[in-house]
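What follows is a set of notes on a single structure, which appears directly below.
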Amino acid sequence: MEHHTDWVNDIVLCCGGRNLISASSDTTVKVWNAQKGFCMSTLRTHKDYVKTLAYAKEKEHVASAGFDRAIFLWDVNTLTALTASNNTVTTSSLTGNKDSIYSVAMNPAGTVIVSGSTENLLRVWDPRSCQKLMKLKGHTENVRSIVLNRDGTQCLSASSDGTIRLWSLGQQQCVQTFRNHTEGVWTIQANEAFTNVYSAGRDRKVLRTSLKDPDSPILICEEAAPVLRLELVPDESSLWVSTTNSDIRNWSLRGIDSWKPVDVDGAPVAVPLVSTPDLVIPGAPSIKQYRVLNDKRFILTKDTDGNGALWDVLTGRKVDNLGQIDLEEEAKRRNKLMFVPNWFTVDVTTAMLSIHLDEHDALVRLPYSRVQC
């Protein structure tokens, strides 16, 4: 099948928007034709969750990394040229990480790669020689996000320890630490000039901090759920935000350069720059709970909005929307006094209902389910 079978953890748009690379917890990296919407190739080099991607725009290289502690470097032009008869691809690998990698970054020219992991440190690599150049220590928890400047001389890192650090790769040390968040910082973005850093995470606050004036951050907005990812529009006019909820929101940055804290009784109070997003891309509620009924044909599910549904395994379709339900009570009401052996397993890891047949028992036990129903 073309699609991923587990969470998609990261994506990058490359080749001028013609192709898309995706990384998934199903341990694969996939190359897609973004305009026609089909999978061009699947890379199975990783041995565990692929958590993060980095893109060198000027060189059309992508780096992938994850829980197998390896970083692989891919030539996108080679990947997009693969065919059924020419499906061999080579990759450079960067080894030496001692723990799961959660973040990786590369400058546009592809001359520097920086990775962050649960070792609580950053590793800097030369992708041309595949050699590790240095380790940068300072964070006390997992390094969740990294951004490099254009020439690869400085980088910003965000950590679950609640701090953002600015590093000089030439001096091999931290030159500034920002402590503007109250909880873990999970995502950062920097503008092209590398003068402002946009950050968010567990505390739900989206901030802009000037590297020249780090003690006066601007509160852009406050989300309703922890923030997983930021994406800054190139002209710095707005910011896309995704959270642990399924919606994606676009927040305007108009007027941010003249924004000042509001004085309340002589003390400055941080008031959000904007209270309403310019655009919302609504997501769908995800299935979080299920119960297989005794007849082993029907399944009850309940989503994040509290709504229930009844599914028919034999026909592979939803047969009824039940509205707001108590899942346990509904299962008790619908269950019949019968015994049918298990002939499938259920998985809702991807927030959808997936049925996996037992290759040995499904065809033997399936008729029992038909008869009882």
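For Glu223, the solvent-accessible surface computed with a 1.4 Å probe is close to 10 Å², ligands and nucleic acids excluded. Here the dipole of region 216-320 is about 760 debye; that uses its Cα centre as origin and unit charges on the Cβ of Lys and Arg (positive) and Asp and Glu (negative).
Size of region 102-167 from its Cα atoms: along the principal axes, largest to smallest, the extents are 31, 20, 16 Å.
Mean separation of Cα pairs under 8 Å and 6 or more residues apart, divided by the residue count, gives region 165-288 a relative contact order of 17 percent.
Dividing the helix sum by the residues of the chain, where each DSSP H run of 4 or more adds -39500 (n - 2.57), gives a mean residue ellipticity at 222 nm of -1500 deg cm²/dmol.
With all protein chains in place and ligands, DNA and RNA left out, the 1.4 Å accessible area ranks Asp99, Asp6 as Asp99, Asp6, largest first.
According to the square roots a ≥ b ≥ c of the eigenvalues of the Cα gyration tensor, what is the shape class of the chain, taking rounded for a/c under 1.5, prolate for a/b larger than b/c otherwise, and oblate for the remainder? The shape class here is oblate.
The Cα atoms of region 1-82 give a gyration tensor whose axes a ≥ b ≥ c have a/c of 1.5 or more with a/b no greater than b/c, which makes the shape oblate. Centre-to-centre separation between the Cα atoms of region 1-78 and those of region 200-257: 26 Å. Farthest towards the positive end of the charge dipole of the chain, among the residues Leu122, Asn191, Gly201, is the Cα of Leu122, using unit charges on the Cβ of Lys, Arg, Asp and Glu. Given a 10 angstrom Cα cut-off, can you work out which residue in Ser168, Ser258, Ser145 is the most mobile in a GNM of the chain? Looking only at Ser168, Ser258, Ser145, the biggest GNM fluctuation is shown by Ser258.
For region 153-233, what does the alpha-carbon gyration tensor say about shape, rounded, prolate or oblate, given a ≥ b ≥ c as the root eigenvalues, a/c under 1.5 as rounded, and a/b over b/c as prolate? Cα axes put region 153-233 in the prolate bin.
So for each of 201-214, 234-247 I average, over its residues, the number of other beta carbons within 10 Å; can you give me the resulting order with the highest mean first? Could the numbers behind the result be given before it?
Values: 201-214: 18.7, 234-247: 16.4.
Ranking, from highest mean packing down: 201-214, 234-247.
A Förster radius of 30 Å combined with the Cβ-Cβ distance from Ser93 to Asp235 puts the calculated FRET efficiency at roughly 0.25.
Hey, what did the chain get for relative contact order, percent, Cα under 8 Å, at least 6 apart?
Working: 912 pairs, mean separation 24.3, N = 373.
Result for the chain is 7 percent.
Assuming charge only on the beta carbon of Lys and Arg (+1) and of Asp and Glu (-1), the dipole of the chain about its Cα centre is about 720 debye to the nearest 20. Remark on region 208-298: Rg and Dmax equal 19.3, 69 Å (Cα only).
The values are calculated or read from the model by the stated rules, or taken from the named source; none is laboratory data. Keep in mind it's a predicted model, so treat the numbers as computed, not measured. So basically every Cβ, Gly included, is an ideal-geometry build from the backbone, and we count neighbours across all protein chains shown. Side chains are part of the model used for accessible areas, which takes the heavy atoms of the whole protein and leaves out ligands, DNA and RNA. Shrake-Rupley method; radii C 1.70, N 1.55, O 1.52, S 1.80 Å.
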